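The values are calculated or read from the model by the stated rules, or taken from the named source; none is laboratory data. Nothing here was measured: the structure is a model prediction, and the numbers come from that model. Glycine gets a Cβ as well: all are built from the backbone with ideal geometry, and neighbour counts include every protein chain shown.
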Amino acid sequence: MSFDGAVRRLESVARPDRYRQIEQLPPDAPRTVRGGGYSYAPASFGARTTVQRTRDFNRVLSLDPENGILECEAGLTLGQLHSVATPHGWYLPAQPGYPLITIGGCIAAEAHGKNHFRDGTFRRRVLALDLFHPAHGILRLTRDSHADLFELTCGGLGLTGQILSATLALDRLEGTRVEIRRVSLGRLEEAVPLLEQWAPKSRFLYTWHNLSVSGASFGRGFLYTGDFRPESGLARDGGERFTPITAEDRGRWRVCLLNRATTVLFNAAYELAQRASSRVRVLSLFEFLFPVARKVAYYELFGRKGLHEYQMLVPVESFEDLAATLRRGLMRFGVPIALASCKLFKGERSLLRFDGTGICLALDFPRSSGSERLAGFLDGVVREARGLPNIVKDSRLPRETVEACYPGYESFRRSLRAFDPLRLYRSEISERLGL
Ligand SMILES: Cc1cc2nc3c(=O)[nH]c(=O)nc-3n(C[C@H](O)[C@H](O)[C@H](O)COP(=O)(O)OP(=O)(O)OC[C@H]3O[C@@H](n4cnc5c(N)ncnc54)[C@H](O)[C@@H]3O)c2cc1C
């Protein structure tokens, strides 16, 4: 099942724990690589192939404690990496917010954290990869050797082959606690000037918005700016306990508890609790990097039908118009927005990577007939704004939207077919998008 609850399939799953077992599939058998299974969209199953799980390949192969260079198997999770690197005074700057996500999944989805404006996407951390493809054997990819394939594999949605291991450049850790400061903002449009104002003095930066309020304060909320607390030392931060959740557990409640009325209350309660709490909070690095780890109940509220996460990256200059269009759209479709959050991005667009410069806006809403229409409407909004929708977050994103938004679509497709004419590695996403 996809994490958003939209797609369920019965497929054969292989759980290899030896490299030779990966090679045992007939060389012309279509296959899909599956890391943690935390993509909202079905990126790691759904094409009637054999799904090969990577979770048993989770060893740290080496760590250079002087220079922060870590080599690991691709099934290593972010949480495992955190517990190995932190005591040596290192951390991985670009990481998504859940500890059971794997390194292979981060590379294939070109993941980002709350600091894209400073540290970019995951690819920046990758020095080398070992990639297996039955027609090519094991290839070592770097920026100098097989450079095109390195580029195609980072953000390549698992379609170029199975990443066996990766060498990553970590950053020096300046403390194991993060101090977060809250700043109020009066409406959605204020996100842009505030994010830009705080960017030069922040390590981490994001916003939260209440889209349940109408009128002039639509999207009021908070900006959060965070940085390390240097005096907090470098020992293990002790906050690593959390509740694991899978896509199946996420959908165990039959009903969705987030409707228009409860979402208004839910957002108001969050806002009130924030205003009542101290403006400055200190969290362990683990709690900060993986905020979802102890808040998995949030995802369960969406019930069995699940949620949409629509994440878009739009140029800064389009944001004001986008906010106005969004307000009208939400009134028209009557879909409650459970979560709205922005991040600042500074990067370059290429291929099918969710990367570039602008504002990244994420919206969570429960799955219903109205929500499908809202998501379709947002496809139009993101096209109009010359933005990018995030492919791994959306189980229904149509091929025509991806083709229209991603100038690198054709180049990705052509290069993939040149490398793998049989197109052995597939997924529901690759089939839906005609890759
Ligand atoms: C709670 C939550 C929070 C999230 N937060 C963020 C966030 O802050 N930022 C962000 O960018 N994303 C975020 N995501 C999305 C997540 O980072 C990506 O979807 C990521 O790809 C999931 O990795 P995974 O290990 O679960 O891989 P899967 O979901 O199993 O697979 C994802 C893709 O990676 C490929 N893949 C996995 N392993 C390999 C391998 N060894 N070789 C080749 N291909 C491989 C798969 O084929 C597939 O295409 C979040 C998701 C959740 C559920």
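Annotations for the structure displayed:
- Taken over the range 4-43, residues that are outside any loop (DSSP other than H, G, I, E, B) and within 16 Å of the chain's Cα centre (by Cα) amount to 1.
- GLU348 being exposed (fewer than 15 other Cβ atoms within 10 Å of the Cβ) and either assigned by TED's automatic domain parsing to the domain that holds GLY120 or under 17 Å from ASN115 (Cα atoms) (or both): yes
- Filter pass, GLU73 being in contact with a Lys or Arg (Cβ under 8 Å, 6 or more places away or on another chain) and in contact (Cβ under 8 Å) with a residue 24 or more places away in the chain: yes
- Of the residues in the range 44-62, at least one is over 30 Å from PRO421 (Cα atoms), touching a residue at least 60 places away in the same chain (Cβ under 8 Å) and assigned to a strand (DSSP E or B).
So that you can scan it fast, the table gives a plain yes or no per residue for (1) of a type in the set (Lys, Arg); (2) in contact with a Ser or Thr (Cβ under 7 Å, 6 or more places away or on another chain); (3) at pLDDT below 90; (4) more than 16 Å from the ligand (Cβ to nearest atom):
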{"site": "ARG177", "(1), (2), (3), (4)": "yes, yes, no, yes"}
{"site": "ARG181", "(1), (2), (3), (4)": "yes, yes, no, yes"}
{"site": "ARG203", "(1), (2), (3), (4)": "yes, no, no, no"}
{"site": "THR246", "(1), (2), (3), (4)": "no, no, no, no"}
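- Enumeration of residues in the range 259-311 that are away from the ligand (no atom under 13 Å from the Cβ), buried (at least 16 other Cβ atoms within 10 Å of the Cβ) and of a type in the set (A, V, I, L, M, F, W, C): PHE266, LEU283, LEU285, PHE286, LEU301
- Unique match (being among the β-branched types (Val, Ile, Thr) and more than 14 Å from the ligand (Cβ to nearest atom)) among ILE359, ILE391: ILE359
- Within the range 63-79, being in a loop (DSSP other than H, G, I, E, B) and either of a type in the set (A, V, I, L, M) or surrounded by fewer than 19 Cβ atoms within 10 Å (Cβ to Cβ) (or both) holds for PRO65, GLU66, ASN67, ALA74, LEU76.
- Residue check, GLY358 surrounded by fewer than 21 Cβ atoms within 10 Å (Cβ to Cβ) and over 27 Å from PRO27 (Cα atoms): no
- Qualifying positions in the range 1-37 - over 30 Å from ARG396 (Cβ atoms) and free of Cβ contacts under 8 Å to residues at least 60 places away in the same chain: PRO16, ASP17, ARG18, ARG20, GLN21, GLN24, PRO26
- Total residues in the range 243-282, condition in contact with a Lys or Arg (Cβ under 7 Å, 6 or more places away or on another chain) and over 20 Å from MET1 (Cα atoms): 4
- Only helices (runs of 4 or more DSSP H) whose full extent lies in the range 80-160 are considered here, and the ones with at least 2 residues that are within 10 Å of the ligand (Cβ to nearest atom) and in contact with a strand residue (DSSP E or B) (Cβ under 7 Å, 6 or more places away or on another chain) are 103-109.
- Contact map, the range 95-122: first residue in the same structural domain as TYR38 (by TED's automatic domain parsing) and under 20 Å from ALA247 (Cα atoms), second residue aromatic (Phe, Trp, Tyr) and within 7 Å of the ligand (Cβ to nearest atom), Cβ cut-off under 6 Å, separation 6 or more or different chains; pairs are TYR98/TYR38; ILE101/TYR38.
- Within the range 388-435, considering residues that are farther than 20 Å from SER44 by Cβ, among the hydrophobic types (A, V, I, L, M, F, W, C) and in contact with a Lys or Arg (Cβ under 8 Å, 6 or more places away or on another chain), the one surrounded by the fewest Cβ atoms within 10 Å (Cβ to Cβ): ALA404
- Of all residues assigned to the range 343-361, none qualifies as being hydroxyl-bearing (Ser, Thr, Tyr) and assigned to a strand (DSSP E or B).
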